[in-house]
1. Checking the structure you have, find out if any residue of the range 26-34 is modelled with pLDDT of 95 or more, outside any helix (DSSP H, G or I) and under 21 Å from residue 82 (Cα atoms).
2. So which of 158, 165 is at pLDDT below 95, within 16 Å of the ligand (Cβ to nearest atom) and either surrounded by 15 or more Cβ atoms within 10 Å (Cβ to Cβ) or under 13 Å from residue 24 (Cβ atoms) (or both)?
3. Criterion first (surrounded by 16 or more Cβ atoms within 10 Å (Cβ to Cβ), touching a residue at least 40 places away in the same chain (Cβ under 8 Å), in a loop (DSSP other than H, G, I, E, B) and more than 16 Å from the ligand (Cβ to nearest atom)) does residue 115 satisfy it?
4. Does residue 148 satisfy the condition of being away from the ligand (no atom under 16 Å from the Cβ) and either closer than 23 Å to residue 31 by Cα or at pLDDT 95 or above (or both)?
5. For the range 181-200, indicate whether the set of residues that are within 16 Å of residue 150 (Cα to Cα) and away from the ligand (no atom under 13 Å from the Cβ) is non-empty.
Ligand code: ZN
């Protein structure tokens, strides 16, 4: 389990934490857990999410287990810098960070450079197993990376892939359990094989 360092603005030392994994892996729960603990420590926290993600609520970050916290939806990465008060904020959390433009890497570095603890959560791969948007840059820039896993719905092993159940080729398709299932490497490959075979029949 990830153990937080003591965050103190007096030392003016910031850093970046990335929480990544497939859908249903508990990324948002882990982000909210860390954010909540920072608020228990009376730290000033700001939470953001991309405006594209309005699956549950326009202004809250809501995880699959229905815990939620108030967050600010933003249209692009640079908007975050407009909202954050660099003088007073100690912790910045960003959910669904994979949906942001590449500029989010710079934004996270700027925040961390100015002494802020930055915690971001996002999908590391899309449904085709390709790295998702700005995630490679964020993973490379982070001091701490936590990869969390879902449970494979076919065999019960640890799952790292978000297998799309509906046929749609767009990279971004917001959805829930009706559109995606978490699968392990073995079961993912089996599904792809089955699909190829049924196409050829
Ligand atoms: Zn499996």
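The values are calculated or read from the model by the stated rules, or taken from the named source; none is laboratory data. What you see is a predicted model, and the numbers here were worked out from it, not measured in a lab. All Cβ positions, even for glycine, are placed from backbone atoms using ideal geometry, and neighbour counts span all protein chains on display.
1. Looking for residues that are modelled with pLDDT of 95 or more, outside any helix (DSSP H, G or I) and under 21 Å from residue 82 (Cα atoms), one finds none in the range 26-34, hence no.
2. 165
3. It is true that residue 115 is surrounded by 16 or more Cβ atoms within 10 Å (Cβ to Cβ), touching a residue at least 40 places away in the same chain (Cβ under 8 Å), in a loop (DSSP other than H, G, I, E, B) and more than 16 Å from the ligand (Cβ to nearest atom).
4. Answer is yes for this residue.
5. Scanning the range 181-200, I find no residue that is within 16 Å of residue 150 (Cα to Cα) and away from the ligand (no atom under 13 Å from the Cβ), so the answer is no.
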